1. Within the range 122-141, can one find any residue that is more than 23 Å from Thr176 (Cα to Cα) and either part of a loop (DSSP other than H, G, I, E, B) or among the basic types (Lys, Arg) (or both)?
2. Among the numbered conditions (1) in contact with a strand residue (DSSP E or B) (Cβ under 8 Å, 6 or more places away or on another chain); (2) open to solvent by less than 10 Å² (accessible area, probe 1.4 Å), tell me where Glu210 comes up short.
3. What tally of residues in the range 96-121 results from selecting those that are open to solvent by 60 Å² or more (accessible area, probe 1.4 Å) and either assigned to a helix (DSSP H, G or I) or in contact with a Phe, Trp or Tyr (Cβ under 7 Å, 6 or more places away or on another chain) (or both)?
4. Which one is modelled with the highest pLDDT among residues in the range 41-95 that are assigned to a strand (DSSP E or B) and open to solvent by 50 Å² or more (accessible area, probe 1.4 Å)?
5. For the structure I just gave you, tell me whether Glu149 is more than 15 Å from the chain's Cα centre (by Cα) and without any contact (Cβ under 8 Å) to a residue 12 or more places away in the chain.
6. Taking the conditions exactly as written (under 16 Å from Gly218 (Cα atoms), at pLDDT below 95, part of a helix (DSSP H, G or I) and not basic (Lys, Arg)), does Val37 satisfy them or not?
7. Taking the range 176-203, which residues are within 23 Å of Tyr122 (Cα to Cα), in contact (Cβ under 8 Å) with a residue 24 or more places away in the chain and surrounded by fewer than 17 Cβ atoms within 10 Å (Cβ to Cβ)?
8. Pick out the one residue from Arg219, Arg169 that is charged (D, E, K, R) and in a loop (DSSP other than H, G, I, E, B).
Amino acid sequence: MTDDLKVVLISGSFEYDSEESLVILRDYLHENVPARVDGSFRCQLVIFRHEEDTVSLRPVDDADVVVLFTRRLLTAGIELDRFRRYCESGRPLVGLRTASHGFQNWLALDRDVLGGNYDGHYGPGETTLVEIADGAEVHPVLMGVQPFEAYGSLYKNTPIAEDARLLLRGYTEQHTEPVAWTCERRSRVAYTSLGHQKDFWELDFLQLVENSVLWAAGRT
């Protein structure tokens, strides 16, 4: 029997109510995943209350996968070094939305680990149609994921890294951008620029994140 998967969910994106959203994700994973894979998810929340909060990231030392949903945290010193060691030692990571600029003192995380190219976002108010990129239909991260509508402003990420594999594109009336991809350098890393509060009530989005966690951990 496969061992349980320890997932550390790091919350610190206050504009997007990341704590509430990651609780939804945690409960979804606990309830739905054991029926589809060997073993279960054991999720632990690490919660930052504000950008200057001094929260220990020690749980990442024992994590099988980290899900990062933070925005411009001012984490520095020992705790930022701990997170950098996690990433640079080749361990799995799933980034959600503002994770591309999750730590103000390590903005290179986006380029060096996620394979992204965050350069701001377009205006709010438009719904984004999310569709599967050509050639990505059989990727494990997209198993069971159908095109869906997402909320929040569309992030500017063009072009993503040459060694990143594009999975999903987002379309508004005026713009098109990559919204989900994987990057395999030292480890398996998955990222999506989606993650508005309403997205966490969309089953296809939750399926995308579930698949990303399982893929990053080597379970698919």
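1. Quick first cut of the range 122-141, residues more than 23 Å from Thr176 (Cα to Cα) only: 140.
From what is left, the residues that are either part of a loop (DSSP other than H, G, I, E, B) or among the basic types (Lys, Arg) (or both) are none.
Looking through the range 122-141, none of the residues is more than 23 Å from Thr176 (Cα to Cα) and either part of a loop (DSSP other than H, G, I, E, B) or among the basic types (Lys, Arg) (or both).
2. Evaluating Glu210 over (1) in contact with a strand residue (DSSP E or B) (Cβ under 8 Å, 6 or more places away or on another chain); (2) open to solvent by less than 10 Å² (accessible area, probe 1.4 Å) leaves (1) as the failure.
3. 5
4. Restricting attention to the range 41-95, the residues satisfying the condition of being assigned to a strand (DSSP E or B) are 41-47, 65-70, 73, 93-95.
Those left that are additionally open to solvent by 50 Å² or more (accessible area, probe 1.4 Å): 42, 44.
Working: Arg42: 89, Gln44: 95.
Only one residue fits best here, namely Gln44.
5. Working: more than 15 Å from the chain's Cα centre (by Cα): yes; without any contact (Cβ under 8 Å) to a residue 12 or more places away in the chain: no.
Against the criterion (more than 15 Å from the chain's Cα centre (by Cα) and without any contact (Cβ under 8 Å) to a residue 12 or more places away in the chain), Glu149 does not qualify.
6. On the way: under 16 Å from Gly218 (Cα atoms): yes; at pLDDT below 95: yes; part of a helix (DSSP H, G or I): no; not basic (Lys, Arg): yes.
Taking the combined requirement at face value, the residue does not satisfy it.
7. Gln197, Lys198, Trp201 - these are the residues of the range 176-203 that are within 23 Å of Tyr122 (Cα to Cα), in contact (Cβ under 8 Å) with a residue 24 or more places away in the chain and surrounded by fewer than 17 Cβ atoms within 10 Å (Cβ to Cβ).
8. Values: Arg169 fails: in a loop (DSSP other than H, G, I, E, B).
Arg219 is the lone residue from the list that is charged (D, E, K, R) and in a loop (DSSP other than H, G, I, E, B).
The values are calculated or read from the model by the stated rules, or taken from the named source; none is laboratory data. Worth saying up front: this structure is predicted, and the values here are computed from it rather than measured. Positions of Cβ are backbone-derived with ideal geometry, glycine not excepted, and every protein chain shown enters the neighbour counts. The protein model used for the area step is the full one, side chains on, heavy atoms only, and it has no ligands, DNA or RNA in it. Shrake-Rupley method; radii C 1.70, N 1.55, O 1.52, S 1.80 Å.
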